[in-house]
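Colleague: Could you have a look at this structure, given as structure tokens, before my questions?
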Amino acid sequence: MARLFGTDGVRGRANGDITAELAVELSVGAAHVLGTLGAFGGTRPTAIVARDTRPSGDFLSAAVCAGLAAAGIDVLDAEVLPTPGLAYLVQSTGADLGVMISASHNPAPDNGIKFFARGGTKLPDEVEDAIEARLGEEWDRPQGTDVGTIRRYDGAVEAYVGHLVATLDRSLEGLTVVADCAHGAASITGPEALRRAGATVHVIGDGGGLINDGVGSTHLEPLQAAVREHGADIGVAFDGDADRCLAVAADGEIIDGDQIMAILALDLKERGKLHDDTLVVTVMSNLGLKLAMKEHGIVLGQTGVGDRYVLEEMNLGGYSIGGEQSGHVIIAEHATTGDGELTALHLLQRMAETGRTARDLANVMTRLPQALINVKDVDKAKATIDRVVFDAIAAAEAELGETGRVLLRPSGTEPVVRVMVEAPTDEQASETAERLAVIVRERVGL
């Protein structure tokens with residue numbers, strides 16, 4: 001049976017996979033598991049609940065609040081707020097639990113539920129598994145004054161925006177930015193934070209349409225057009241819950257998460273704030289990032305895919321920054337999770353401090369050509385241990401040397417193996433990936 005929790009909470013079609021009943025049960029399960037683990041310290045616990053702008057967020061948020069209150073937890077409803085905003089509030093207020101209703105960059109019909117522990121960190125896999133194991137169990141329901149209360153969290157938006165702006169060391173005055181808010185949670189916080197920081201701001205995806213529908217970090221074409229139209233210095237694109245940020249230079253060139261991390265890591269190194277001169281990334285980051293950072297004396301630490309695993313490695317080593325190519329960037333001094341708005345502000349601050357364009361800053365690294373092939377209907381477990389496949393990968397890696405790499409990654413949910421190759425040229429990357437895909441299909445095809 002497939003694990004209910006994915007790399008970022010429980011996610012699926014709202015009112016299909018993700019029902020009000022499931023939201024109640026997950027909330028009750030989280031309350032019981034965390035209580036059993038002693039996370040509440042023996043006192044009456046408090047949870048903060050937030051959501052993005054999906055239509056289904058209303059009923060799912062109500063269900064989560066009801067489940068928590070029924071389990072004896074007092075609830076503060078922050079309403080629409082970015083995921084990193086919720087994480088910040090859980091940390092700054094000392095709340096015992098946070099629950100975010102969002103499916104991030106997924107389309108509007110989807111939704112999801114993810115939990116944050118005290119301190120604003122995501123729950124470990126083993127705690128999520130314990131919550132899943134307790135779904136549907138019988139339990140003693142509190143009565144009378146032992147049930148939780150539900151109150152609106154007034155001031156949540158102001159507290160988060162104030163925090164974002166306070167992380168900057170200088171004004172962004174003189175910079176013009178287009179912010180694509182993906183019709184999502186960033187609509188009420190992103191433009192305001194950028195304006196308070198001093199930037200001139202133009203907004204698209206401002207909340208008047210369906211979340212992630214043709215806009216945001218997964219659809220950069222409207223942002224590219226808007227940057228050119230307004231003659232902006234840069235465009236920044238958030239996803240639905242604003243935990244990621246990609247950028248567009250003045251000429252329309254896309255600046256991905258790897259390039260943003262390179263820019264910010266160098267900034268931290270210059271400030272003497274890059275612990276152990278290390279940047280933490282996932283295995284999906286482009287090899288060009290590793291080569292560029294090596295030239296500047298920065299080491300890459302690598303993890304599995306998912307910003308939660310990046311954060312675990314950062315916490316383990318006390319590292320300052322990490323993230324994903326997709327735009328999840330964690331700046332440890334100011335956040336406990338990926339924060340797209342924080343990333344955008346510090347990217348603009350780097351531009352303001354140096355007087356350099358976004359394109360010039362991004363040129364610190366050269367992205368190597370990348371080819372990705374999804375090999376379907378295969379035994380993904382065998383793919384990682386088959387000797388012929390292993391030897392073929394080793395031969396390809398020897399052929400590419402330090403200027404390329406091969407990554408074989410089984411899907412977490414489908415009978416699919418992803419073959420990714422980076423090489424000096426598009427032709428070499430494609431040819432190598434196709435050759436390996438044929439071998440994988442022949443050896444472990446179902």
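The values are calculated or read from the model by the stated rules, or taken from the named source; none is laboratory data. Predicted, not measured: the structure shown is a model, and the values here were computed from it. Here Cβ is always computed from backbone atoms with ideal geometry, including for glycine, and neighbour counts include all displayed protein chains. Only protein heavy atoms, including side chains, enter the accessible area calculation; ligands, DNA and RNA are left aside. Shrake-Rupley method; radii C 1.70, N 1.55, O 1.52, S 1.80 Å.
Colleague: Give the longest segment of the chain that steers clear of GluC sites (Glu not before Pro) in DSSP loops with at most 15 neighbouring Cβ atoms within 10 Å, not counting the sites themselves.
Modeller: 1-136
Colleague: Moving on to the next point. Find which of Thr218, Val177, Ala398 sits farthest along the positive direction of the dipole of the chain, computed with +1 on the beta-carbon of Lys and Arg, -1 on that of Asp and Glu, about the Cα centre.
Modeller: Among Thr218, Val177, Ala398, the one farthest towards the positive end of the dipole of the chain is Ala398.
Colleague: Among the DSSP beta bridges whose two residues both lie in the chain, what percent are antiparallel, rounded to the nearest 5?
Modeller: Counting DSSP beta bridges with both partners in the chain, the antiparallel share is about 50 percent.
Colleague: Go through Asp206, Asp391, Asp339 and list them by solvent-accessible area, largest first, probe radius 1.4 Å.
Modeller: Asp206, Asp391, Asp339
Colleague: Right, here's the next one. Hey, what's the chain come to in accessible area per residue, 1.4 Å probe, Å²? Mind dumping the intermediate values first?
Modeller: Details: 17910 Å² over 446 residues.
Heavy-atom accessible area per residue stands at 40 Å².
Colleague: For Lys114, which lysines qualify as cross-link partners when the Cα separation must be under 19 Å and same-chain residues fewer than eight apart are set aside?
Modeller: Lys122
Colleague: Then there's this: Within the set Lys269/Lys290; Lys290/Lys382; Lys273/Lys294, which residue pairs have Cα atoms separated by over 19 Å?
Modeller: In this structure, Lys290/Lys382 exceed 19 Å between Cα atoms.
Colleague: Tell me, what is the FRET efficiency for Glu253 and Ala166 to the nearest 0.05, using R0 = 22 angstrom and their Cβ-Cβ distance as r?
Modeller: For Glu253 and Ala166, the calculated efficiency is 0.10.
Colleague: Put a dot 7 Å past each Cα toward the Cβ at Glu434 and Asp140; how far apart are the dots in nm?
Modeller: In this crude spin-label approximation the distance works out to 6.8 nm.
Colleague: Using unit Cβ charges (K, R positive; D, E negative) and no other charged atoms, how large, in debye to the nearest 20, is the dipole of the range 227-266 about its Cα centre?
Modeller: Roughly 80 debye, rounded to the nearest 20.
Colleague: Let me ask something else about it. How big is the shadow of the Cα convex hull of the chain, averaged over all directions, in nm²? Mind dumping the intermediate values first?
Modeller: Working: hull surface 85.9 nm².
Projected over every direction and averaged, the Cα hull of the chain covers 21.5 nm².
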